[in-house]
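One structure below.
A short reminder: the numbers here are calculations on the coordinates, not readings from a lab. These figures come from a predicted structure and were not determined experimentally. Don't worry about glycine lacking a Cβ; one is built from the backbone with ideal geometry, like all the others, and counts go over all protein chains shown.
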Amino acid sequence: MGVPTTGTEVAGRVDAILDALRGAPLHEAVAHDDVVLEAVHDDLLLAFLEGASAAWERGPYADLVGQDRVVPYFFPTAALLAGMTPSPPAALHARTGQFCYDTMTVIGPGTWEAARSAVDCALTAVDLVVGGERSAYALCRPPGHHVTGHAYGGSCYLNNAAVAAEALRVAGHERVAVVDVDAHHGNGTQAIFWERSDVLYGSLHVDPAAGWFPHVFGHASETGAGEGTGATRNEPLPEGTGDEPWVEAVGALAGWVGGQECSALVVSLGVDAAADDPESPLLVTADGYREAGRVLGGLGLPTVAVQEGGYHLPSLGGLVVAYLEGHASAAPGTG
Ligand SMILES: [Zn+2]
C-alpha cells in the first residue's frame, strides 16, 4: 500500500503571485519553436516528457503500478550497470527511471503542456529584454532549475532558466550569468553549463551536506570543469540562515558576476528561502528578498527573472513583489 502525500508545487502558486502583481504591466506568453529548448535538453528526454502521460494511459500501468501518474520504480544507476551497456527497457514504468531521478516528480495529463508553456513564458521575457526592457519577470510553473540536459526531478520538467540563458546567448550576449536565489541548489542548471565558460552559474542555497535536496550537489567545491572551470560558484548556507548572512551571500555572488564581463543576467527567483516556507529551513524575510533585488539590480545588467520555487501560498506573492521592487529600485553600480 502506498501512502498519499500532499504536493506543494500546486497551481494555486501562480494565482497567488498573479494576485500580488496586480497593477504591473502583464504580457501573455507567446509560443516559441523548440530550437533553444533542443539546445538545452536531449531529444530523448523531450520526446519522453511529451509522450509519457498518453502512453501511461494507453498501457496497463494504472492497474499494474496502482498509480494513474507516470512514476518510476526502477533506476538504472551506475552501480547497477557496473560498466555494462544496458538495453533500453520496453516497459514505460521502467523507462521512466532513465529520465526521472526521484519518485516525487510525477507526470499526468497536462504536465507536458504546462512545462512547455513555462518555457514559452521564459522565452517571452527574454524577447522583452532583447527588445530593450531593462528587466522582465517570467511567472513560470512548474519550476525548472533541477532539470539537467538529460534528466528531470525535483518537481521540475524543463529548465526554464537555462533556456532563458541560452536564448540570451543566441540573441548576441557573449557571456550570461545565472544567479540562483532559490533555497535549493539548481543542480540542473549547474549540470547544463558545467563545462561552458559563456554561461556562469552562481547559487546560494541550504547546504546539501545538512541533508537537503538535491543532496549530492551544491557544495562550494563544485566550480565547473573543462572550459567551464571557475564558471560555477556555490554558496551553501547553514539551516536557519536569516536575512543578513543570506543577503551577504547574494552580494558575494553579485561581486563575482560583476568581475566577469557578463552582459545579461538570469535570476532563478525561488522564494522558498523565506521563513514561512515549508520546503526549506532558511529564514529570509520579504525585506531580505527586496535587498537581494537591489543588490542584483545594482549590477545594471539586462535581466530576466524566472520563477523557481516558493510554496507558502499566503506569503509567496509578496516575496516575489519585494524582490522585483528591489531590483527595479537599484541604481547601477550599487550592487
Ligand atoms: Zn527550491
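Here each label is just a point 7 Å from Cα along the line to Cβ, and for Ala209 and Glu244 those points are 2.3 nm apart.
Provide the net charge surrounding Asn159, with neighbours chosen by a C-beta distance below 12 Å and charges set as Lys +1, Arg +1, Asp -1, Glu -1. Around Asn159, the charge tally is -4. Each of Thr77, Thr8 has some number of other Cβ atoms within 10 Å of its Cβ, and from fewest to most they run Thr77, Thr8.
Based on every Cα atom in the chain, Rg and the maximum pairwise Cα distance Dmax equal 19.2, 60 Å. Whole-Hz Karplus values for the range 51-65 come out as x, 4, 5, 5, 5, 4, 5, 6, x, x, 5, 4, 7, 4, 9 Hz, taken residue by residue from phi with 6.51 cos²θ - 1.76 cosθ + 1.60 and θ = phi - 60°; glycine and proline positions read x.
Derived scalar couplings between HN and Hα for the range 175-187 equal 9, 10, 9, 10, 10, 10, 9, 4, 5, 10, 5, x, 4 Hz in order, rounded to whole Hz, by the Karplus curve 6.51 cos²θ - 1.76 cosθ + 1.60 (θ = phi - 60°), x for Gly and Pro.
Counting only alpha carbon atoms, the long axis of helix 243-258 and the longest principal axis of the chain meet at about 90°. Seen against the Cα atoms of the chain and their longest principal axis, helix 111-130 is set at about 20 degrees.
With K and R counted +1 and D and E -1, the other residues having a Cβ less than 14 Å from that of Val304 yield a net charge of -4. Helix 286-297 and the longest principal axis of the Cα set of the chain meet at an angle near 80°.
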